[in-house]
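Working notes for the structure below.
The values are calculated or read from the model by the stated rules, or taken from the named source; none is laboratory data. Only a predicted model underlies this, so the values are computations on that prediction, with no experimental measurement involved. Neighbour counts are summed over all protein chains in view; Cβ atoms, including those assigned to glycine, are modelled from backbone coordinates with ideal geometry.
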Amino acid sequence: MVKIPSFLKLNRDWNADPNAPEPGVAVTSGTLRLSFYLNDMAYRAEERQRGQLTFLDCQVWRLGATNDEGWYYGQCRYSRLAPAWGEFYEVMDGDPLCGPTDWRQIGGAGRRHFLFYFKDGTFECLAADWSFSRIAAT
């Protein structure tokens, strides 16, 4: 029996820039850092300030296709399930590895499935935990 995933929204008082978030990934010893420009139009952030999500004990990750247009046209496996585009979620239940074939192995043992929809792509990872921080604008 296939479980239908549910989604827990994790970003409350911040979000990525809706037009040009420019996500970047850095991996060090099972820790993955995902940085991106913050949305300073709708949330408290300096202009061009970056946010950073840190994922501990990361097992696999991907930053790939399905942009906002693809999501609205139903081309994403979660298009009809996730509450909204452009948010950061934990995917509860369901098979996190079904669908994409571009997962990158890191080697950690984390199993929580995290999903972030950016303007021009989708980020996913399996990790043990996450935290958010702001990086000072330069």
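Worth a mention:
- If you check Leu53, Leu38, Leu63, Leu81 for being in contact (Cβ under 8 Å) with a residue 24 or more places away in the chain and surrounded by fewer than 16 Cβ atoms within 10 Å (Cβ to Cβ), only one passes: Leu81.
- Taken together, Gly99, Gly74 contain a single residue that is touching a residue at least 12 places away in the same chain (Cβ under 8 Å) and either farther than 14 Å from Leu32 by Cβ or β-branched (Val, Ile, Thr) (or both), which is Gly99.
- For the stretch 29-46, a residue qualifies if it is under 10 Å from Arg134 (Cα atoms) and of a type in the set (Gly, Ala, Ser), and the qualifying residues are Ser35, Ala45.
- Ala20 being modelled with pLDDT under 90, loosely packed, with under 15 Cβ neighbours inside 10 Å and on the phi < 0 side of the Ramachandran plot: no
- Of all residues in the stretch 23-34, exactly one satisfies the criterion of being surrounded by 11 or more Cβ atoms within 10 Å (Cβ to Cβ) and modelled with pLDDT under 95, namely Gly30.
One line per residue, one yes/no per condition, for (1) without any contact (Cβ under 8 Å) to a residue 40 or more places away in the chain; (2) not hydrophobic (A, V, I, L, M, F, W, C):
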| site | (1), (2) |
| --- | --- |
| Ile4 | no, no |
| Lys9 | no, yes |
| Asp13 | yes, yes |
| Asp17 | no, yes |
| Pro23 | no, yes |
| Ala45 | no, no |
